[in-house]
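What follows is a set of notes on a single structure, which appears directly below.
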Amino acid sequence: MICLSAYYELGGSGTGMTKTAVTEQITHRWYARPVLFVADVNRALCFYVDMLGFEKSWHEGDGAGGVCQVNRAGCEIILCEDATRRDKARLFVALNVDGLTAFRREIVERSVPTEKSWWGYDVIKIVDPDGNELLFPAAE
């Protein structure tokens, strides 16, 4: 799919972008995994698996390392233990209506602490043990 309005907006405004560059940006599928920095990777892993229902995909050093990945329904997050990083991240997770309904039921059953918040519209905010925020749509 080529979005010509993106071409005119980006290329036509003097940014120097060409139609080819814009076309490549839009037609190539990008794959991204956020990296959340944590103080204790095993504590974070327990939170994401036990509280939020993720599965561990891999863990560096056969489970002894400081980096691992958790997955849930196509959402992949890398957890990285790094004592020098105190960054906090915010990750927005979009769910379809059925997925949101099921997830809400799960977080109630697991007693996951949540907050109502605002991110352009009402969202459910879950804060992990290291202060990283996960935002989910509040409305179905």
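The values are calculated or read from the model by the stated rules, or taken from the named source; none is laboratory data. Predicted model only: the values in this text are computed from it and were never measured. Note: ideal-geometry Cβ built from the backbone for every residue, glycine included; neighbour counts use all protein chains shown. Accessible surface areas use protein heavy atoms only, side chains included; no ligands, DNA or RNA. Shrake-Rupley method; radii C 1.70, N 1.55, O 1.52, S 1.80 Å.
Taking 17 Å as the cut-off, the amide N atoms of segment 77-92 that come nearer than this to a point 7 Å along the Cα-to-beta-carbon line of E55 belong to 77-78. Y121 contributes about 110 Å² of solvent-accessible surface, heavy atoms of the protein only, 1.4 Å probe.
Suppose every K and R has +1 on its Cβ and every D and E has -1 on its Cβ; what is the size of the dipole of segment 44-118 about the Cα centre, in Debye to the nearest 20?
Its charge dipole is roughly 380 debye.
Approximating the spin labels as points 7 Å out from Cα along Cα→Cβ, the D98-to-A39 distance works out to 4.1 nm. Straight Cα distances below 12 angstrom link K56 to the aspartates and glutamates E76, with same-chain residues fewer than 8 positions distant left out. For segment 25-64, the list of trypsin sites (Lys or Arg not before Pro) that fall in a loop by DSSP and count at most 16 other C-beta atoms within 10 angstrom reads R29. For C46, the accessible surface of its heavy atoms amounts to roughly 70 Å² (probe 1.4 Å, protein chains only, rounded to the nearest 10). Here segment 77-140 exposes an accessible surface that is 52 percent carbon and sulfur, computed with a 1.4 Å probe and the other protein chains kept in place.
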